[in-house]
Amino acid sequence: AWENKGNLSRVWVTDKLTRLIGRMHNQGIRTHTEARQLVVLKKPKEEGKDYADLDDYTDTDFTNNSHAILENHNALLARTEITLSGHTGERVLHVGNRTYDLTDKTTYRSFSNSSFEQGGRIYGGFWEQIPNNDKDGEVRGYRKKILINGNKTVELDFSSLHLTMAYSREKIDPLTVFEQEDLYELPGYERTVVKTSWNVSLSCHRRDNGLGAIRKELKKMGVEKTTEELSDLVDAFQAKHPKVAKYMFKNWGLKLQFQDSEMMMIIIQRFDE
């Protein structure tokens, strides 16, 4: 009866033990509020919560395959020296009032909305968590300091990833349409504003609440835009990209994340061999 179902053992600790462990960060000991499973399924986020609860699931060939790939990947990470230049031998990185466990090298895959076709990106490992700037905004470049077995690393950026993927779903090569033009270039608008508007729209299911979400995200970046201004921006963007306009405000973000996560799993499996 339990052949295809994974089981997780839990031990509940008292607040006294949690506080004791919390005072031992300088020794590289870290507490996790959630158990670290290799394949995590999350429920839809409830209104008012800034996190999503975990969902139960029965293992399938897909989840078992993801688990096997990550188990092999984590074994490789465990025997690989991953450090930060200038912090050799340190177990904890202190940035402002936050600490990061430099011994944490376990990765896991997280799916969203109780669906194994939404999300699925790989998280975990201190390199995913360390910031590139501190709380005062001073650039530190922590990720640029990552060393693998003493060798320097380079972080590459795939420009306009989800916009390019949307075009790919329509079987269109955007380079043949725009002649290598920046896909986020839109006359009269800053690139960061256009990019943010597109990316936020992918996580919304209606245009009206989507415009509000875009406005809120831009405000965090110090950019003030009225709803009318953002509506004009969206109209201009959709006029430039009519073939993929339908992806905006239709909750496509997590579906596209699943596709790029599947590409990542192929890459990991290939290079872990």
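The values are calculated or read from the model by the stated rules, or taken from the named source; none is laboratory data. Since the model is a prediction, treat every value here as computed from it, not as a measurement. Ideal geometry is used to build each Cβ from the backbone, glycine not excepted, and the neighbour counts take in all protein chains shown. Note: accessible area is taken over every heavy atom of the protein model, side chains too, but ligands, DNA and RNA are not part of it. Shrake-Rupley method; radii C 1.70, N 1.55, O 1.52, S 1.80 Å.
Checking each residue in the stretch 204-234 for being touching a Phe, Trp or Tyr at 6+ places or on another chain (Cβ under 8 Å) and open to solvent by less than 30 Å² (accessible area, probe 1.4 Å) picks out 204, 210, 233. Among the residues of the stretch 150-162, is there at least one that is farther than 30 Å from residue 84 by Cβ and part of a strand (DSSP E or B)? Within the stretch 150-162, not a single residue is farther than 30 Å from residue 84 by Cβ and part of a strand (DSSP E or B).
Any chance the stretch 248-256 includes a residue that's open to solvent by 70 Å² or more (accessible area, probe 1.4 Å) and among the aliphatic types (A, V, I, L, M)? No, the stretch 248-256 has no match at all. Among the residues of the stretch 233-258, those identified as more than 14 Å from residue 202 (Cα to Cα) and in contact (Cβ under 8 Å) with a residue 12 or more places away in the chain are 233, 236, 240, 241, 243. In the stretch 162-184, the residues that are free of Cβ contacts under 8 Å to residues at least 12 places away in the same chain and acidic (Asp, Glu) form Cβ pairs under 9 Å with partners that are open to solvent by 80 Å² or more (accessible area, probe 1.4 Å) and in a helix (DSSP H, G or I), at six or more places apart or across chains, as follows: 181/175. Looking at 196, 192, just one residue is modelled with pLDDT of 90 or more, open to solvent by less than 100 Å² (accessible area, probe 1.4 Å), in contact with an Asp or Glu (Cβ under 7 Å, 6 or more places away or on another chain) and over 30 Å from residue 86 (Cα atoms), and that residue is 196. Considering only residues in the stretch 259-272 that are hydrophobic (A, V, I, L, M, F, W, C), under 18 Å from residue 112 (Cβ atoms) and touching a residue at least 24 places away in the same chain (Cβ under 8 Å), the one that is surrounded by the fewest Cβ atoms within 10 Å (Cβ to Cβ) turns out to be 264. If I filter the stretch 57-69 for residues that are under 21 Å from the mean Cα position of the chain (by Cα), of a type outside the set (D, E, K, R), at pLDDT below 95 and surrounded by 12 or more Cβ atoms within 10 Å (Cβ to Cβ), do I get at least one hit? The answer is no; no qualifying residue exists. Within the stretch 97-119, is even one residue of a type outside the set (Gly, Ala, Ser) and farther than 30 Å from residue 41 by Cβ? Yes: one or more hits.
Filtering the stretch 235-247 down to residues that are under 27 Å from the mean Cα position of the chain (by Cα) and of a type in the set (Lys, Arg), which residue is surrounded by the most Cβ atoms within 10 Å (Cβ to Cβ)? Once the filter is applied, the top-ranked residue is 243. Number of residues in the stretch 100-125 that are under 24 Å from residue 251 (Cα atoms), aromatic (Phe, Trp, Tyr) and open to solvent by less than 20 Å² (accessible area, probe 1.4 Å): the value is 1.
Are any of the residues in the stretch 175-185 open to solvent by 70 Å² or more (accessible area, probe 1.4 Å) and at pLDDT 85 or above? Scanning the stretch 175-185, I find at least one residue that is open to solvent by 70 Å² or more (accessible area, probe 1.4 Å) and at pLDDT 85 or above, so the answer is yes.
Within the stretch 218-256, being in contact with a helix residue (DSSP H, G or I) (Cβ under 7 Å, 6 or more places away or on another chain) and among the β-branched types (Val, Ile, Thr) holds for 223, 227, 234, 244. For the stretch 129-149, a tally of residues being open to solvent by 50 Å² or more (accessible area, probe 1.4 Å) and at pLDDT 90 or above returns 3.
Within the stretch 207-220, can one find any residue that is under 27 Å from residue 173 (Cβ atoms) and at pLDDT 95 or above? No: zero hits.
Evaluated against (1) of a type outside the set (Asp, Glu); (2) within 13 Å of residue 128 (Cα to Cα); (3) open to solvent by 50 Å² or more (accessible area, probe 1.4 Å), residue 82 falls short on exactly one condition, (3).
Could you tell me how many of the residues in the stretch 91-121 are of a type outside the set (Val, Ile, Thr) and closer than 15 Å to residue 148 by Cα? Residues in the stretch 91-121 being of a type outside the set (Val, Ile, Thr) and closer than 15 Å to residue 148 by Cα: 3 in total. Among the residues examined, residue 51 qualifies as assigned to a loop (DSSP other than H, G, I, E, B) and modelled with pLDDT under 95.
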